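Data first, discussion second: the structure below is written as structure tokens.
The values are calculated or read from the model by the stated rules, or taken from the named source; none is laboratory data. Everything numeric here is computed off the predicted structure, so don't read it as measured data. As a convention, Cβ positions derive from the backbone with ideal geometry for all residues, glycine included, and neighbour counts pool all protein chains shown.
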Amino acid sequence: MATSERPARTRGRTNGGSGRKELPLGLTAQQCRDMYRRMVLIRHFEDHAAEAYAQAKVGGFLHLYIGEEAVAVGALAAARPDDHVLGHYRDHGYALARGCDPKACMAELFGRDTGLCHGRGGSMHLADVTRNYWGGYAIVGSHIPIGAGMAYAMQYQQREQVVLDFFGDGATGNGIFHEGLNMAALWNLPVIFICENNLYGMGATLAEESPVKDMIIKAEGYTMPSLQCDGMDLLSVYEAVQKAAEHCRSGKGPFFIEALTYRFRGHSMADPELYRDKEEVRRWRELDPIPRFGQFCVEHRISSEQELAQVTEEVEAEMLEAVRFADQSPWPDPSTVDDWIYAKPIDPEGESGARPAALREPAAQRAEAGR
Amino acid sequence: MATSERPARTRGRTNGGSGRKELPLGLTAQQCRDMYRRMVLIRHFEDHAAEAYAQAKVGGFLHLYIGEEAVAVGALAAARPDDHVLGHYRDHGYALARGCDPKACMAELFGRDTGLCHGRGGSMHLADVTRNYWGGYAIVGSHIPIGAGMAYAMQYQQREQVVLDFFGDGATGNGIFHEGLNMAALWNLPVIFICENNLYGMGATLAEESPVKDMIIKAEGYTMPSLQCDGMDLLSVYEAVQKAAEHCRSGKGPFFIEALTYRFRGHSMADPELYRDKEEVRRWRELDPIPRFGQFCVEHRISSEQELAQVTEEVEAEMLEAVRFADQSPWPDPSTVDDWIYAKPIDPEGESGARPAALREPAAQRAEAGR
Amino acid sequence: MAEMTYRDAVRGALREEMARDQRVILMGESITGYGGSYAVTKGLIEEFGPRRVMETPIAEAGIVGFAVGAAMGGLIPVAELMTVNFALLALDQIVNSAAKFHYMFGGQFSVPMVVRTVSGFGQLGPTHSQTFEGWFASVPGLKVVMPATPADAKGLLLAAMRDPDPVIFIEHSLLYSTRGEVADHEVGADEVPIGKARVAREGSDVTVLAYSRMLLQAMHAAEVLEREDGISCEVVDLRTLRPLDYPTMVRSVQRTHRLVVCGEDWRTGGFGASLLGEMQDRCFDDLDAPIQRVAMRDVPLPYSRELEKLLIPSSAQIVDAVRRLN
Amino acid sequence: MAEMTYRDAVRGALREEMARDQRVILMGESITGYGGSYAVTKGLIEEFGPRRVMETPIAEAGIVGFAVGAAMGGLIPVAELMTVNFALLALDQIVNSAAKFHYMFGGQFSVPMVVRTVSGFGQLGPTHSQTFEGWFASVPGLKVVMPATPADAKGLLLAAMRDPDPVIFIEHSLLYSTRGEVADHEVGADEVPIGKARVAREGSDVTVLAYSRMLLQAMHAAEVLEREDGISCEVVDLRTLRPLDYPTMVRSVQRTHRLVVCGEDWRTGGFGASLLGEMQDRCFDDLDAPIQRVAMRDVPLPYSRELEKLLIPSSAQIVDAVRRLN
Ligand SMILES: Cc1ncc(C[n+]2csc(CCOP(=O)(O)OP(=O)(O)O)c2C)c(N)n1
Ligand SMILES: Cc1ncc(C[n+]2csc(CCOP(=O)(O)OP(=O)(O)O)c2C)c(N)n1
Ligand SMILES: [Mg+2]
Ligand SMILES: [Mg+2]
């Protein structure tokens, strides 16, 4: 049954205790610097993406992760680089936390051929399979059974990799969430379900979506162990995912994590935000995970204020470069519009349908690569 | 949260206590006789249906309720006649427990025009809306949100009626089950979800379908009160539904009941039953709800052994008559095959689409009728 | 008459019918505080309250199933599915519940409900740019409506809410801000009948069948063809995709002997493909040339602006199709 | 060569490929202890165990989503949906996941999986007697196969399991007990290529396009027409509905100048409707008469034996259709 750890307690346990210099959770100073940088990177990447959207250089849907950076960064830092990651459409954070090239990410938002998906997917569908980042999925909840299926493939092939599957509180109202959790539990699969509870599903409040306010309760029907962590505190997320990953990797089956977080911006760029009051947003902004973790870094002598400011400058320069790169990149060649509808297009005039082995390998190989 | 009452305890409380003659749960002798008769009626109806199936007079799918009679009979006896009832494709029990004409039910199985649905639906889709029996539904779980929706209509129109929605353990693995329960909980609707846990979903064992063996646990994620009752004991079911109906009618919202039961026959007539062993079936057959409740009637001087035997004879005669009626009934007139595709067929040559008020009323009126 | 946008026309129909008939309720995702993803239901929660304007969880199948049950219980639910792409999650409830019950139970009850949803484009990517009207229009028991103008949006939605059968009402995101004359509120008078097509433009050389956004594209193409080629196009707005108004379509082809079928769904298996088949069957001897089609190329619509631009069915494609015929 | 039933041919393909390729797994409802609702997977659980033959909950969307993920992880899942009617619950995962990912992510990975399901009749009632091949065949990214013979059932299923793209493999409940010659097991040799139609019977007067059960009906109709009317029918078995083998179909019509399209789905919007459209486009000048169709009447198939009998597409209806042409 779920052991619910309240943010406060978690925070207490992590920072407290053994002296200012020594770092909790077996973290090294370098890891902390990297995590800080990644959070800043996501923040600045999205500020620029929003700007480009206003200039109509980015189109369609743009869902910003601003305010939730600690969840993706903390979670992926606690996972192994070869663990598999799936997220929902609010996916810039997962991609950048996984180390995807910001240039290629920005170019994807710009719809260019140099984008991660050659402009086919756009903001909602960033993916970089060479990093076992399987992408952002835009049908709410649809990637929950998909994550369970990947976890089964790992278990079946006796791999050590676990799957991290990120989704929102709103997704828990969809039946597919339950079908996915049920299967993960039935077959004891190595998958960590990470529910980013940011209190809203687009314009719906948590109370309008769910009769229970703690999403971890929904894991009980599947006898799935769970943890609730403070999504505004990188260390709280890190600790929870560290435990979950260990649990999954040791063959104990799926794990459910609820990260209590908040999106500082609207659901998408079109959101008038009439459903929540400014005061609530202001209160949450005070919990901004970036300065909060920055303070931790300073307190623990990991970085000085100056060094943190330096990081921000470097990242900002990198982002300006990413925007420039995206803006100057070529559009996809119209003659390629039919590419990738099929991995093996069949020309009825053509050769027998027998499959050239080469064509099947990609998926399998890539999974191998992650050994 | 769920208060799980184990069958034994329930039985204890119901039968025990205040003296042999006095009846529990405010039941009258006449009610008990009626309930006994209905269980026998269902049993004999289905024996004849199976025989007719063997003679190819009934086709398609035929799912027998034999062994589970106490659930439908006990539940509907505890409900008001104007409460709304929906069930799944294993639906002869609901129809007959609701008092539908066995002749019209048998004729529907025979595919005749005199059938409850004029031969359109067959065994899986018996319905008699004049009795607020809304029918059997054959897409597993699909009628769970439908039941919630009807309950909303009752609440909205300030009716006193509650909805009884019957489904199986297997249905709880489908996402639609969760979507329906979630909505019923969110809007505090007067609906009783009755899960007939007969340990199998077609050929799947409970353990293959669900990580928890008690279905009531699945109601917890919706903070829905629940009761587990002995589905082989009519009084246990009656008591649970009596409580649930009172709860719903007093505006306290939805209620979840799990009836522990067992189907004595295969899933459908095509079932080779390789997935369960004869010994298990034998053990459950010893719990046959009919002789068990018969014994209660005798012990409480409600009926004598002779009277019970008499009931069986009368019912058997009635069933023979029902079969004769069905067999001699006319087939639907081929010229009517397009009837009822639309309540208001539109002939593009014809009149403007403005709706004659008459055409809309049926559903509404019928709901009124149930006042 | 008053001029208003397609969006306001849809909202107007909802408001008027809700005021007129207490049985009408709305349900959907982000239709209250948010005002609807396309702001169609904006203000209705304030006017009618949460009992009649229900904010739902993200559960398309549950929403439609719930609406079916509410209809059976005597209400007239208007369920909004945020976009037609998400309707795939509710197809079982639409096809096996809403469309079947009246028939399956021998006419004992009907399911008076409306599923409001929207198709459209705008760099929404492969999973959010689809349009499945052909699928809905193939299901006996459903009525399918796709208005092109504010007047039809209002009139047909009113008719849909007053119809005893389940109606799939598909709006178009690129039409919401278009403006047009709409009849003032008089019960009955403002209703546009389901099942009646409209000759939007008379012509003698070729018949162009269109609906929803493609109607506007067809009207524009007709002007271009008149001006540049002296070709006279008769443009027919289908308005209702099921049942189809064959008499109006056939009469037109009998005069023009040429036909172009326009739609936004995939060429293969899309609504236009089926319509083409039925028309060749009815007009084989009237046709002087093979029926031409304007449809979406068989590809998952990519996000990239430059690729999308090439693929979205347009008036230019209609012009080409007509020219192929002459 | 060995003679066997369509059911044994399907099972044979599964067995052989599972023995050959450890990545192949089966999943579905009641496919283990029960042996499959049509006994297709009987014995496989004993032979391959629960890791490779997975009993699933009744969760169609979850099953397909899970299979997509397993494919992404390097396996080759064959997901069984008990009947095509229940596939409606999984359509989102089929259309928005399986069919989209290879394209949407710019070709980074493919989704090698097979969805096995079955259509058919037999007094199953309105919700259990449908057939949606036209819907699947309209989706870019899917391959759709509907074998008519045991040889094709085995050969095409092997090809499907070896294909890197998602394949919808639709069997027919009324064909399971039919018998035919099937190639013995030699890897490669026993594979029937996806995308190739087969001229099942040569003829000169009219081309009859059919697939799955309708192929048998067409062959029978052809005999009757030969005998009673001296009409020579060329019968083409489509075998694959997407991609379609137009060259083979067109070549035939160029010789016969007459065409009948047969299918079991609804006349309006069914697969045949779309095929008709494409064929008139490609063969307009070759056709001497309007293309005729044999399809399901636009009605939810009722349970009653006597009504169902009248509605199920049959060889008699094909005979009538051909006679209408001559
Ligand atoms: C099946 C489906 N229904 C509706 C939508 C439209 N939609 C996109 S995001 C969203 C809200 C999701 O909320 P949540 O899961 O909490 O994630 P968050 O956006 O808060 O991160 C909705 C309704 C969708 N994409 N898919
Ligand atoms: C959505 C769906 N999937 C599969 C089926 C086939 N099917 C019919 S009954 C059944 C088992 C249902 O089991 P349960 O819910 O426990 O009810 P029981 O038959 O045991 O009374 C299945 C899988 C169906 N009718 N609908
Ligand atoms: Mg959220
Ligand atoms: Mg069961």
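Observations
- Those residues of segment D:205-218 which are of a type in the set (A, V, I, L, M) and either touching a Leu at 6+ places or on another chain (Cβ under 9 Å) or without any contact (Cβ under 8 Å) to a residue 40 or more places away in the chain (or both), in sequence order: D:Val206, D:Val208, D:Leu209, D:Ala210, D:Leu215, D:Leu216, D:Ala218
- Within segment C:12-47, considering residues that are within 13 Å of chain A (Cβ to nearest Cβ) and either within 16 Å of ligand 4 (Cβ to nearest atom) or acidic (Asp, Glu) (or both), the one farthest from C:Leu156 (Cα to Cα): C:Glu46
- C:Val250 being among the β-branched types (Val, Ile, Thr), touching a Lys or Arg at 6+ places or on another chain (Cβ under 6 Å) and part of a helix (DSSP H, G or I): yes
- Checked against (1) farther than 19 Å from A:Tyr53 by Cβ; (2) within 14 Å of chain C (Cβ to nearest Cβ), A:Leu109 passes all but condition (1).
- The set of residues in segment B:106-127 being of a type outside the set (Val, Ile, Thr) and surrounded by fewer than 23 Cβ atoms within 10 Å (Cβ to Cβ) consists of B:Asp113 alone.
- Of the candidates C:Ala289, C:Ala218, C:Ala273, the single residue that is within 14 Å of chain D (Cβ to nearest Cβ) and not in a loop (DSSP other than H, G, I, E, B) is C:Ala273.
- Breaking point among (1) within 7 Å of another protein chain (Cβ to nearest Cβ); (2) within 25 Å of A:Leu186 (Cα to Cα); (3) touching a residue at least 60 places away in the same chain (Cβ under 8 Å), for B:Ile139: (3)
- The single condition among (1) touching a Phe, Trp or Tyr at 6+ places or on another chain (Cβ under 8 Å); (2) within 16 Å of ligand 2 (Cβ to nearest atom) that A:Ile176 does not satisfy is (1).
- Filtering segment A:81-105 to residues that are hydroxyl-bearing (Ser, Thr, Tyr) and either facing another protein chain (nearest Cβ under 10 Å) or surrounded by fewer than 24 Cβ atoms within 10 Å (Cβ to Cβ) (or both) leaves only A:Tyr89.
- Among the candidates A:Gly141, A:Gly122, residue that is under 13 Å from C:Gly125 (Cβ atoms) and among the small types (Gly, Ala, Ser): A:Gly122
- Any hit, segment C:69-85, residues being more than 14 Å from chain B (Cβ to nearest Cβ), modelled with pLDDT of 95 or more and within 30 Å of B:Glu160 (Cα to Cα): yes
- Search result, residues across segment A:182-197 that are farther than 19 Å from D:Met72 by Cβ and either more than 14 Å from the chain's Cα centre (by Cα) or away from ligand 3 (no atom under 15 Å from the Cβ) (or both): A:Asn182, A:Ala185, A:Leu186, A:Asn188
- Matching residues in segment B:182-214 - criterion: being under 24 Å from A:Thr172 (Cα atoms), within 15 Å of ligand 2 (Cβ to nearest atom) and in contact (Cβ under 8 Å) with a residue 12 or more places away in the chain: B:Phe193, B:Ile194, B:Cys195, B:Leu206, B:Glu209, B:Ser210, B:Asp214
- Residues located in segment B:114-123, provided they are out of contact with any Cys (no Cβ under 8 Å at 6 or more places or on another chain) and either under 12 Å from C:Phe105 (Cα atoms) or among the aliphatic types (A, V, I, L, M) (or both): B:Cys117, B:His118, B:Gly119, B:Arg120, B:Gly121, B:Gly122, B:Ser123
- The residues listed here are A:Gly141, A:Gly168; of these, the one that is within 16 Å of ligand 3 (Cβ to nearest atom) and on the phi > 0 side of the Ramachandran plot is A:Gly141.
- If you filter segment A:198-219 down to residues that are among the aliphatic types (A, V, I, L, M) and within 13 Å of ligand 3 (Cβ to nearest atom), you find that the one that is farthest from the other protein chains (Cβ to nearest Cβ) is A:Leu199.
- Subset of segment D:201-235 (residues that are at negative phi and within 14 Å of the chain's Cα centre (by Cα)): D:Leu209, D:Ala210, D:Tyr211, D:Arg213, D:Met214, D:Leu215, D:Leu216
- D:Glu55 being within 19 Å of A:Ala153 (Cβ to Cβ), touching a residue at least 24 places away in the same chain (Cβ under 8 Å), acidic (Asp, Glu) and within 12 Å of chain A (Cβ to nearest Cβ): yes
- Candidate set: segment A:180-215, residues that are crowded, with 24+ Cβ neighbours inside 10 Å, within 27 Å of A:Arg292 (Cβ to Cβ) and of a type in the set (A, V, I, L, M); chosen: the one farthest from ligand 4 (Cβ to nearest atom): A:Ile194
- With respect to the conditions (1) of a type in the set (Gly, Ala, Ser); (2) more than 16 Å from ligand 4 (Cβ to nearest atom); (3) part of a strand (DSSP E or B), B:Gly136 lacks only one, and its number is (2).
- Exclusive hit being in a strand (DSSP E or B) and among the acidic types (Asp, Glu), set D:Glu264, D:Glu228, D:Glu223: D:Glu264
- Members of segment B:153-170 found to be within 16 Å of ligand 4 (Cβ to nearest atom) and more than 7 Å from every other protein chain (Cβ to nearest Cβ), listed by number: B:Asp165, B:Phe166, B:Phe167, B:Gly168, B:Asp169
- A:Met150 meets all of the listed conditions (1) under 29 Å from C:Gln130 (Cβ atoms); (2) within 13 Å of chain B (Cβ to nearest Cβ) but one, namely (2).
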